[in-house]
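The structure appears right after this line, and notes come after that.
Each value in this text was obtained by applying a stated rule to the coordinates, not by laboratory testing. Everything numeric in this text was worked out from a predicted model, so none of it was measured. Cβ placement follows ideal geometry from the backbone for every residue including glycine, while neighbour counts extend to all protein chains displayed.
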Amino acid sequence: MGMETLTRGEVYERYRVELTRLATSLVGPSEAQDVVSDALVRVMWSDGWDQVENQRAYLYRAVVSQAGMLRRSAQRRRERERQATQVIHGSPDGGVDVWEALGHLSVAERAAVFLAYWEDLSEVDAAARLGVSERTVRRRLGRARRKLGRLLQ
Amino acid sequence: MSEDLDVRIRVLMRHVVDEAPAPPDVPTQPPLPARRRWPVPGWAVAVGVAAAILVIVGAVGLLVRTESAPVTERPTAVSCPPGATPNVAGSGSQGWTWSPSVNQGAVFDERAGRIVYVDGEGATWAFDVCTNTWEQRHASLPGFEEYAAGDLVYDVDSDRTVGLDLNSGVNVYDAATGTWTIDDALGDRAARGAVYDPVSGLVVVAHFGGDWPSDLFLSGYDVDTREWSELGTIENVWGDSWMFLVGYSSATDELILHGGYAPGPGDPLGTQYPGSGPTTVLHSLRNEMTAVLPGGPNLFSPWGAWYPYATGVEGAVLASDDTYDDDRLCRFDAVARSWDDCSLDAAYGPRRNPADAKMVYDPINDRLVVIYWLGDVWAVDLDTGQWTELVDRLP
């Protein structure tokens, strides 16, 4: 399969929606745009970008990394997310605060959950997307499921 | 129950994704470097003005570094006050009364222009690199425990020094007031080195912990918000080896981790630690290792390695060689990705166990300062490798 050559703009156009969704699952809607923007600026304009073979996976990792490095003002973030929070009506447990539930997961665990439960990727594919081992994805999913299982019972 | 949980998680993720905002606008032209700028203290401004005047009047002699430009601006170097003799030993022990211990910490406070040093009993000292004198700033670190000051990191953002208690917590020191506060808990994390990352503004800590002790985790601590972030994992490669985070290169925007132990007289097979010998790992802080480099100096304990802050393309490690008492000074070139031949030991210092010392980079005098546990302080000239004793050891 020949490698498709895309401009930076074309790469972003192709993946921007899914990257923003990923960021939303990692840091919430109020910070998602900043995370995507910061991550993409950081990696797409780095010297080595043209040598990146799997640009989609690289962008995923950049967003996850940026989410992890996001400097949060705890109080400000909580306040913003409290305002953005919606209680799920008719949700699996009849009323779980989705952001509070996700707040029990690490950024890495959230990324794994996003890929497995939203993008329906296998553990192998999720591992490739995140640049980690399959074992890592499996254990992150395991931890996430244990945590969410307690909350969603 | 398992399938039911899967369904619940899928529904939860749908609600999450439903809230995703519109994708942001990302510039299609290269942006200016989005680096955090180092704060410029008042004295640096004064130096900048003076330098500008010199240029205007046609003064010569200013050296401009033109090699690979670091992406992070460093504080402008400043000179000692007129009449200062930074290479002349200070007088006497200068009230230097601390109790010897290897469990020390040292870091250069860029705004104060002095070295912050915590001795083995938890007392905090300031070392003036222009007069080579000590001043006690705090009598006892609150909640001090063994290893309390194992790693000190100067946090540029908050202008405070972070001390990582290898047992239980994070201590934060304010040099302006000479006060410590215990800020947060490390939990089950056993720190293996820490550096300041000027890009994220976080203090990056390498540590073991969690369910898989064979992994080395990287976490970022935000002094202002007192929050931790996960920055990456180095998995299952070095096991429970002595791998340490020894520095951050602003030239390559990478963390430098180094560890392992080669065969030597005390360990002929190199089996006490991984037999593959010393290894250097470079990490991008984007959850990826960018290089794994075999070789480099032996490190035999967490106290054997120090990386002076932001020396451009270079970092230095004071490391043991083949024997316990033979300290050598080795430098790592982050751009060339290689260690030098440890030739900076041309004129040896006290040749004691490097585990008994702390080493920091002194940007004012562009030298390394090595503080030994017996109280003597040495300067190492980075060009000649010459060691100069700045403070005599305790009687």
(message) Given a Förster distance of 35 Å, report the FRET efficiency between residue B:14 and residue A:10 from their Cβ-Cβ distance, rounded to the nearest 0.05.
(response) 0.75
(request) Partner chain Cβ atoms within 10 Å, averaged over the residues of A:147-153 - can you pull that number for me? (result) 3
(request) Pop a pseudo-label 7 angstrom from the Cα along the beta-carbon direction at both residue B:337 and residue A:52 and give the gap in nm to one decimal. (result) 1.8
(message) Averaged over its residues, how many other protein chain Cβ atoms are within 10 Å of peptide B:382-389's Cβ atoms?
(response) 0
(request) Would you calculate the separation in nanometres between label points at residue B:288 and residue B:389, each defined as 7 Å from the Cα along the Cα-to-beta-carbon direction? (result) 5.1
(request) Compare the peptides B:331-342, B:6-17, B:110-121 by average per-residue count of other Cβ atoms within 10 angstrom and give them in order, highest first. (result) B:110-121, B:6-17, B:331-342
(message) Just checking the output field for A:98-110: average partner chain Cβ neighbours within 10 Å of each residue's Cβ?
(response) 3
(request) Please sort A:8-14, B:81-87, A:24-30 by packing, taking for each peptide the average over its residues of neighbouring beta carbons within 10 angstrom, highest first. (result) A:24-30, A:8-14, B:81-87
(request) Quickly work out the residue B:88-to-residue B:158 label distance, labels modelled 7 Å from Cα along the C-beta direction, and quote it in nm with one decimal. (result) 4.0
